[in-house]
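Novice: Before I ask anything, here is the structure I am working with.
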Amino acid sequence: MTFNKVEKIFAPIEQSRISQEVEMQIETLILEGVLRVGDKLPSERELSKTIDVSRPILRKALASLESRGLITIKHGGGAYIADIIGTIFAEPVVELIGRNTKAKADYLEYRKEIEGLTASMAAERATTADKELLKNIMQAMEKAHTEENPEAEAKVDVEFHSAIGECTHNVILIHTLRSCYALFSDDVFFNRKVIYAKTGSRQILLEQHRTICKAIISGDSQKAAEEAKAHITYIQNITSDLKQEKQRQAVSLQRLEQRAV
């Protein structure tokens, strides 16, 4: 996130208030998903001027936020939002689940239900600004698709689903989904590049994203939920097909090697 529009997300604080008020404002921006992992805060001079507090008060607030693990301060490099999301599971559990076939299926089953709910809530609650953001993300997805850039397309895919979560304006759901998508973006449960390589799948996925976006923007909660679930069902099916294809190839190779003269 860049801060040439810093005045739009930070607000002046009454001089009678103490540093906790500064903390609260930044906390809220993090909680609501406005400030995200890796975002850099404005410079001390700029931020103190924007929220109208002294630099000593601001330093005290930032020091407290750092001690609580919400931001990281790099000497001479500024303050950044810390990685407070992580994943739902500890690393050893993630690795264990990633090797388990049933766990992978359970992950998609979970996503189908949670994304149906999320899309429905997003259609009911999305503001004009939320809808504008979704449109922008869809444009980025269209661009990546046109340029035949699966890596960029996969990255925007995660951003798209995260934005739908933000449209719900439910902070618990927003952060739960972000944690869930950390697994998604790391290809723990399935390799999206392999899925995109499947003939016709990239076009189908793009059309599904378009349909979900359109339903949310139009405020059709039922349609949004149905399309979100259909999207995950497609991923479930194609993942199953790819697994079976891989197994057939393995067996075929064994036959060839066994019968080699």
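Laboratory data are not the source of any read-out in this text; all were calculated from the coordinates shown. In this text, all values refer to a predicted model and were calculated from it rather than measured experimentally. For neighbour counting, all protein chains shown are included, and Cβ atoms are generated from backbone atoms with ideal geometry for every residue, glycine included.
Novice: Okay, helix-only estimate at 222 nm for the chain: each DSSP H run of n ≥ 4 adds -39500 (n - 2.57), divide by all residues, round to 500 deg cm²/dmol; what do you get? Kindly include the intermediate steps, with their values, before the conclusion.
Specialist: On the way: 11 runs with 180 residues, N = 261.
Counting only the DSSP helices, I get -23000 deg cm²/dmol.
Novice: For region 20-157, compute Rh as the Kirkwood radius over C-alpha pairs and then the Stokes-Einstein diffusion coefficient at 37 °C and 0.692 mPa s; write the answer in µm²/s, rounded to an integer. Intermediate results must be reported in sequence, preceding the final value.
Specialist: Working: Rh = 18.5 Å.
My calculation gives 177 µm²/s for D.
Novice: In addition: Which of the listed residues, T211, I238, A260, is farthest toward the dipole's positive end in region 200-261, when Lys, Arg count +1 and Asp, Glu count -1 at the beta-carbon?
Specialist: Selected residue: A260.
Novice: Loop-only GluC sites (Glu not before Pro) in region 47-140, please: DSSP not H, G, I, E or B, and at most 11 other Cβ atoms within 10 Å.
Specialist: Details: sites: E66, E95, E109, E113, E115, E124, E132; in loops: none.
For GluC sites (Glu not before Pro) across region 47-140 that sit outside H, G, I, E and B with at most 11 neighbouring Cβ atoms in 10 Å, the list is empty.
Novice: Now for a separate question. So, in nm, how far is label V158 from label R55 when the simple model puts each one 7 Å beyond its Cα toward the Cβ?
Specialist: 3.7
Novice: Over 31 Å between Cα atoms, which of K49/K135; K143/K223; K104/K198 qualify? Intermediate values should be presented prior to the final figure.
Specialist: Values: K49/K135 33 Å; K143/K223 25 Å; K104/K198 19 Å.
In this structure, K49/K135 exceed 31 Å between Cα atoms.
Novice: Rounded, prolate or oblate, given the Cα gyration tensor of the chain, with a/c below 1.5 counting as rounded? Mind dumping the intermediate values first?
Specialist: Numbers: a/c = 2.56, a/b = 1.87, b/c = 1.37.
Here the chain falls in the prolate category.
Novice: Next question, about the same structure. I'd like the FRET efficiency for A63 and E151, computed as 1/(1 + (r/R0)^6) with the beta carbon distance as r and R0 of 45 Å, rounded to 0.05.
Specialist: Working: r = 39 Å, r/R0 = 0.86.
FRET efficiency, A63 to E151: 0.70.
Novice: Continuing with the same structure: Under 17 Å from a point placed 7 Å out from the Cα of E142 along the Cα-to-Cβ direction: which residues of region 203-231 have their backbone N that close?
Specialist: From region 203-231, the list is 203-218.
Novice: Return the distance in nm (one decimal) between the two label points of a simple spin-label model at H75 and T101, each offset 7 Å from Cα along Cα→Cβ.
Specialist: According to this spin-label approximation, the distance is 5.5 nm.
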